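Structure first, then comments.
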Amino acid sequence: MSEYLRFEKICMEFPGVKALDDMSFGVNKGEIVAFLGENGAGKSTLLKILNGDYRHTSGKIFIDDKEVEFHSPNEAIKAGISVIYQERQLAPYLSVAENIFMGNPITRGGFINFKELNARAQAIIDEFGLPIRPETPVRRISVAYQQMVEIMKAYNRKADIICFDEPTAPLTDAEITILFNIIRKLKSEGKAIIYVSHRMKEIFELTDRVVVFKDGKLMGVKETSQTSEPELIKMMVGRDIGDVFNTLPRNDKIGDVVLELNNVSTEYVHDINLQVRAGEIVGFSGLAGAGRTETARAIFGADPLTAGSMTLEGKPYHPKSPRQAMDAGVALCPEDRKLEGLSLILTVRENTSQAILGDLCRMGFVNFHKEREFTAQSIKDFNVKTPSMEQKVINLSGGNQQKVVLARWMAMNPKLIIFDEPTKGIDVGAKSEIYHMICEAAKRGVAVIMISSELTEVIGISDRILVMKDGYITADIPRAEATEPKILSYAMLDKKKNQEEVAG
Amino acid sequence: MEQSTAKRRGFNFKQTLKNILRSESISLVLAFVVIVAVFSILNKNYFTSRNLISVLTSASLTGLITVGEALLLIGNHMDLSVGSTAAFSGVMAALLLQQGLPAGVTILTVVAAGAVLGAVIAFCVTQLKMSSFIATVAMQSIMRGFAFIISNGEGVLITNSTFLKMGNFKFFGLSFLTFPIFFMLLVFVLFGIILKRTRFGREIYIVGGNPVAARLAGISIKFTTYMLFIIMNVLTAIGGMILAARMNTGQPQACVGLEFDGITAAILGGVSNQGGVGSIFGAFLGLAILQGFNNGLIMLNVQSFWQNVAKGALLLLALTFDYIRQKNRQKAK
C-alpha cells in the first residue's frame with residue numbers, strides 16, 4: 001500500500017472484449033514506470049481510465065492511499081493527473097504563456113494580466129532551461145517545444161502524476177535528449193511518472209521499472225536494471241494462441257503475380273517494391289506509423305502516388321479512387337472497422353450487401369428478395385452471430401462486426417484483398433475464426449495482404465513477411481525464417497543511415 | 001429442442017410487440033392524434049373537411065421542402081436557402097410569363113435554374129469544403145436579394161391560365177385533390193420509394209452515417225451530395241411556382257422561414273440531424289404534426305408572434321427527442 005498511485009484489480013470491458021483484466025500494480029513518487037506492450041495490449045485504455053476518459057468496469061484506484069474515482073478528465077486534472085498525448089492539446093494561435101496557463105490564467109479585475117502572465121511563464125521556461133519566449137504563438141515553435149509547452153502546462157498545474165503516451169514518436173534525437181532531461185527533472189522533484197513507449201532503447205535509458213501488458217493482462221513488473229531486452233520481448237509477445245495456427249487450412253499452390261509495386265512513393269511511404277501472388281498471404285509487420293496502412297491506402301487508390309507504378313495481373317493499375325480499385329478487383333478491410341469499415345447505425349443486411357449492391361439492383365431498385373437471400377447465405381458462410389439480419393451492426397461484438405466486413409468484401413470476388421489489423425480488439429475465439437477465413441480466401445486463389453501488429457499472428461499466418469519502418473520496407477522474410485526477435489529488430493532498430501543511402 | 005424453439009418464438013413475439021410500442025412512427029401518430037383531439041375540443045371548426053383542405057394546401061409547399069430537407073439531413077447536410085429560392089422561383093416564373101413565354105417553357109426554365117443552383121451549393125460543399133450550413137446561409141441572402149432585384153421589389157402578376165392550373169387544378173373535380181396537394185403526396189410517395197428501395201437511397205444513408213466508410217466502400221460522396229442539393233432545389237423551384245400560381249403573383253418577400261418549417265418537420269419525424277437516420281414516412285408524420293399544430297394556433301386566433309415562439313419551441317423539442325434517440329442508439333444492446 002506504500003505506492004503513491006495504485007491500481008487494484010482494474011477490469012475494463014467493452015462490448016465483446018475484455019480490454020483490461022485484473023490489473024494490479026503501483027507507481028511511487030520520484031519513479032519513472034514504463035508501460036510496454038503491443039498495440040491494443042491495454043496501455044492506452046489504462047491511461048484513459050486514469051484521466052477520467054473511461055470508467056473502469058470494476059476495481060479500484062488509490063492515490064496516496066485514498067480511493068479516487070474520476071467521472072471526467074477535469075476531475076482527474078484537479079486530482080493532480082496530467083496525461084501528455086502525442087496529439088498535443090494546445091491552442092495553436094495563442095502564445096506559449098497563454099497555453100501554459102490555459103484553464104487558470106492570471107487575471108486582474110477580470111482582465112488577463114499579460115505582463116504578469118509572461119513573467120511567470122518565463123520563470124517556468126527558465127526553470128526548464130528552454131530557449132523559447134513566452135510571447136511566441138505556439139504554432140511557430142517546433143513540435144518538440146510544443147510538447148515541452150504541454151509538459152510545462154502540466155507542471156504549472158502542480159500535477160503529481162504525469163503520464164507520457166509515446167512522446168518521442170515525432171521527435172529527433174536531439175529533442176529526445178531535451179525531453180529526457182526534463183522528465184528526469186520532474187522525477188527528481190518527486191513526481192510519479194508513467195512512460196508509454198515501444199522503444200526499448202528509451203525504456204532502458206530512462207525508466208526505473210517496466211510494466212508489461214499483453215491482451216489486457218499484466219504479464220509482469222520488472223526492475224529495468226534487472227531485465228533484458230529479449231526477456232521483455234518474450235513477455236510482450238507471450239504464447240497462448242500458438243496452436244491455432246497449426247490447424248489452419250493452408251494453401252500450398254501459390255500462383256502467378258497478382259499485384260506488383262515498382263518504386264512506389266506517396267506522401268507517407270517511400271520506394272516501395274513488392275509482389276503478391278495468387279493464393280499467397282503476405283504479412284506486413286512494423287510499428288504503428290511505420291507506413292503499412294499508408295501502403296495499403298496507395299494500393300486501394302485512397303492516397304495518390306507521387307512516384308512509381310503498379311500492375312495488377314500484369315496490366316498497369318492506377319486507381320484514382322477506392323471505387324476504381326474495387327472495380328479492378330481490389331478490396332480493403334480497413335484498420336478501424338468502426339470508423340472506416342462499417343456504418344454502425346445501419347443493419348447487418350445493409351452493411352453486408354454494400355459492396356455488391358449494384359449486382360442486387362435492377363434499374364437502380366434494390367431487389368430485397370435477392371438481398372435477403374445473399375445476406376442469409378453470408379451470415380451462414382461467415383458464421384456471423386446476430387439475432388437477425390435486421391440487427392444494427394453497432395450491437396454486434398467486435399469479432400462479428402469484422403466478419404460482416406469480411407463477408408462484404410469476399411462477396412465481390414476480389415483478386416486481391418488487404419486486411420488491415422483484422423483482429424484488433426477481438427477476443428481469442430473470434431480471432432481463430434477470422435484466421436480460418438483469411439486462409440480460406442487464399443485457398444480460393446485470392447492474393448492476400450495482411451497488416452498486423454501482432455507478431456504471433458503475422459508469423460502464424462503469412463507465407464512471407466514484409467517489415468516496414470519509417471515509411472520504408474526494411475526486410476522481406478519467408479515464414480520458415482521468421483522469428484519474433486528478428487522481425488522486431490527490423491521494425492525497431494535504427495537503420496536510418498542505410499535507408500538514407502538507398503533513398504538518396 | 002422443440003421447447004427451445006418455442007421459447008425463442010415466444011421471445012421474438014414479445015420483442016416484436018416491444019418494437020412496435022417503441023417504434024417512432026407509433027408515437028408520432030399518437031402525438032398527432034392528441035394534437036387533433038385537443039384542438040378539436042378547443043375549436044369546433046378545427047376537425048372539419050374545409051379546414052383539412054386548408055391545412056393540406058398550406059402544407060403542400062412545406063411538404064416538398066420537408067422531403068428535400070429530410071433527404072439532406074439523412075445525408076448529413078441541410079439547406080437554409082430554400083425560402084429565398086422559392087420566392088425567387090415564383091418571381092422568375094411570373095416575369096418569364098410576362099415576357100410571353102408559354103407555361104411549359106417557363107416551368108422547365110425555372111426547374112433548370114433550381115438544378116443549377118443546387119449544383120452551385122453542392123460545388124461549394126464538396127469542392128470548396130464549406131459546411132452546408134454556411135454555404136446555404138450565404139445563398140439565402142443572395143437569392144432573396146435577386147428575388148427583389150428582378151422584380152423591383154414588387155409582386156409580379158400572373159395571368160397565364162395554363163400556369164395558374166398549377167395552383168387550382170382539381171383532379172376529378174375533387175376539392176381536396178388540387179394539384180398542389182396531389183403533387184406533394186406524389187413527391188412523398190416517390191421519394192419514400194427512392195430512399196428505401198433504390199441504390200441511390202441506400203447510399204444516402206451510408207454517406208450520411210459514416211462518410212469515411214462510404215468512401216472506402218467505393219461510394220462517390222460527391223455524386224450523392226450533388227444529387228441531394230439538386231433534388232432539394234428542384235423541389236423548391238416547383239414549390240415556389242405552385243405558390244405563385246396559387247397567389248396569382250410572384251412575391252419576392254414570400255416564404256421567409258420556409259426552410260425552418262421543413263427542417264422542423266423532418267426532425268420531428270425522426271430524421272436525425274447527425275445524418276444516417278430517418279425515413280420519408282416519418283418526415284410525413286412530422287409534417288402532419290407541425291401543420292396540425294400551426295393550423296390549430298391560427299384557429300385559436302393566437303397572435304402570429306406567439307406562433308413563431310411556438311414553432312421554435314417545437315423545433316427545440318424535436319431536437320431533444322433526437323438527442324434522446326441518439327443516446328438510446330448508442331447504448332442499445
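Take the residues in segment A:352-372 that are more than 8 Å from every other protein chain (Cβ to nearest Cβ) and assigned to a helix (DSSP H, G or I); name whichever of them is surrounded by the fewest Cβ atoms within 10 Å (Cβ to Cβ).
Only one residue tops the list, namely A:HIS369.
Does A:MET363 fit the bill of being among the hydrophobic types (A, V, I, L, M, F, W, C) and in contact (Cβ under 8 Å) with a residue 12 or more places away in the chain? Considered against the rule, which asks whether it is among the hydrophobic types (A, V, I, L, M, F, W, C) and in contact (Cβ under 8 Å) with a residue 12 or more places away in the chain, A:MET363 comes out as no. Residue pairs whose Cβ atoms lie under 9 Å apart, sitting 6 or more positions apart in sequence or on different chains, and linking a residue in segment B:313-333 that is at the interface with chain A (Cβ under 10 Å from one of its Cβ atoms) and loosely packed, with under 14 Cβ neighbours inside 10 Å to a partner that is assigned to a helix (DSSP H, G or I) and at pLDDT 75 or above, are B:GLN330/A:ILE394; B:ALA332/A:ILE394; B:ALA332/A:ASN395; B:LYS333/A:ASN395. Any residue in segment B:305-313 that is out of contact with any Leu (no Cβ under 9 Å at 6 or more places or on another chain) and of a type outside the set (A, V, I, L, M, F, W, C)? Looking through segment B:305-313, at least one residue is out of contact with any Leu (no Cβ under 9 Å at 6 or more places or on another chain) and of a type outside the set (A, V, I, L, M, F, W, C). Checking segment B:255-274 against the condition returns a match, with at least one residue being within 14 Å of another protein chain (Cβ to nearest Cβ), under 24 Å from B:GLY192 (Cβ atoms), buried (at least 23 other Cβ atoms within 10 Å of the Cβ) and under 16 Å from the mean Cα position of the chain (by Cα). Of the helices (runs of 4 or more DSSP H) contained entirely in segment A:1-120, not one carries at least 2 residues that are small (Gly, Ala, Ser).
Scanning segment B:275-295 for residues that are among the β-branched types (Val, Ile, Thr) and within 14 Å of chain A (Cβ to nearest Cβ) returns a single hit, B:VAL277. Screening B:SER175 against (1) within 21 Å of B:ALA115 (Cα to Cα); (2) surrounded by fewer than 17 Cβ atoms within 10 Å (Cβ to Cβ) leaves a single unmet condition, (1).
So which strands (runs of 3 or more DSSP E) stay within segment A:238-344 end to end and still have 2 or more residues that are touching a residue at least 12 places away in the same chain (Cβ under 8 Å), small (Gly, Ala, Ser) and farther than 25 Å from A:ALA169 by Cβ? Those strands (runs of 3 or more DSSP E) span A:307-312. When A:GLY341 is tested against (1) out of contact with any helix residue (DSSP H, G or I) (no Cβ under 7 Å at 6 or more places or on another chain); (2) at the interface with another protein chain (Cβ under 10 Å from one of its Cβ atoms); (3) of a type outside the set (Phe, Trp, Tyr), just one condition goes unmet, and that condition is (1). Restricting attention to segment B:121-136, the residues being surrounded by 14 or more Cβ atoms within 10 Å (Cβ to Cβ) and assigned to a helix (DSSP H, G or I) number 9.
Note on segment A:392-477: enclosed strands (runs of 3 or more DSSP E) holding 2 or more residues that are within 14 Å of chain B (Cβ to nearest Cβ) are A:416-420.
Each row is one residue, and each column tells you yes or no for (1) in a helix (DSSP H, G or I); (2) of a type outside the set (Gly, Ala, Ser); (3) in contact (Cβ under 8 Å) with a residue 24 or more places away in the chain.
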| residue | (1), (2), (3) |
| --- | --- |
| B:MET184 | yes, yes, yes |
| B:PHE188 | yes, yes, yes |
| B:PHE191 | yes, yes, yes |
| B:LYS196 | yes, yes, yes |
| B:GLY201 | yes, no, no |
| B:ILE204 | yes, yes, yes |
| B:ALA214 | yes, no, no |
| B:GLY218 | no, no, no |
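A:GLY220 meets each of the listed conditions (1) surrounded by fewer than 18 Cβ atoms within 10 Å (Cβ to Cβ); (2) assigned to a helix (DSSP H, G or I); (3) modelled with pLDDT of 85 or more apart from (2). Restricting B:LEU30, B:LEU101, B:LEU96 to those that are in contact with a Ser or Thr (Cβ under 7 Å, 6 or more places away or on another chain), at pLDDT 85 or above and aliphatic (A, V, I, L, M) reduces the list to B:LEU96.
Condition check ((1) touching an Asp or Glu at 6+ places or on another chain (Cβ under 9 Å); (2) surrounded by 23 or more Cβ atoms within 10 Å (Cβ to Cβ); (3) of a type in the set (Asp, Glu)) across all residues:
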residue: A:ASN413; (1), (2), (3): no, no, no
residue: A:TYR435; (1), (2), (3): yes, no, no
residue: A:CYS439; (1), (2), (3): no, no, no
residue: A:ILE461; (1), (2), (3): no, yes, no
residue: A:ILE465; (1), (2), (3): yes, yes, no
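Within segment B:113-120, not a single residue is among the hydrophobic types (A, V, I, L, M, F, W, C), under 19 Å from B:LEU61 (Cα atoms), modelled with pLDDT of 95 or more and in contact with a strand residue (DSSP E or B) (Cβ under 8 Å, 6 or more places away or on another chain). Restricting A:PHE62, A:PHE70, A:PHE25, A:PHE35 to residues that are touching a helix residue (DSSP H, G or I) at 6+ places or on another chain (Cβ under 6 Å) and in contact (Cβ under 8 Å) with a residue 60 or more places away in the chain narrows the list to A:PHE35. Looking across segment A:318-338, the residues that are buried (at least 17 other Cβ atoms within 10 Å of the Cβ) and more than 9 Å from every other protein chain (Cβ to nearest Cβ) come down to A:PRO319, A:ALA328, A:GLY329, A:VAL330, A:ALA331, A:CYS333, A:GLU335. Residue count for segment A:80-133 satisfying the condition of being under 29 Å from A:TYR4 (Cα atoms), among the polar types (S, T, N, Q) and surrounded by fewer than 18 Cβ atoms within 10 Å (Cβ to Cβ): 3. When B:ALA237 is tested against (1) surrounded by fewer than 21 Cβ atoms within 10 Å (Cβ to Cβ); (2) under 22 Å from B:ALA86 (Cβ atoms); (3) of a type in the set (Gly, Ala, Ser), just one condition goes unmet, and that condition is (1).
Taken over segment B:146-172, the criterion of being of a type outside the set (A, V, I, L, M, F, W, C) and buried (at least 20 other Cβ atoms within 10 Å of the Cβ) is satisfied by B:SER151, B:GLY167.
The values are calculated or read from the model by the stated rules, or taken from the named source; none is laboratory data. Bear in mind that the values here come from a model prediction, so they are computed numbers and not experimental data. Every residue, glycine among them, receives a Cβ derived from its backbone with ideal geometry; neighbour counts consider all protein chains shown.
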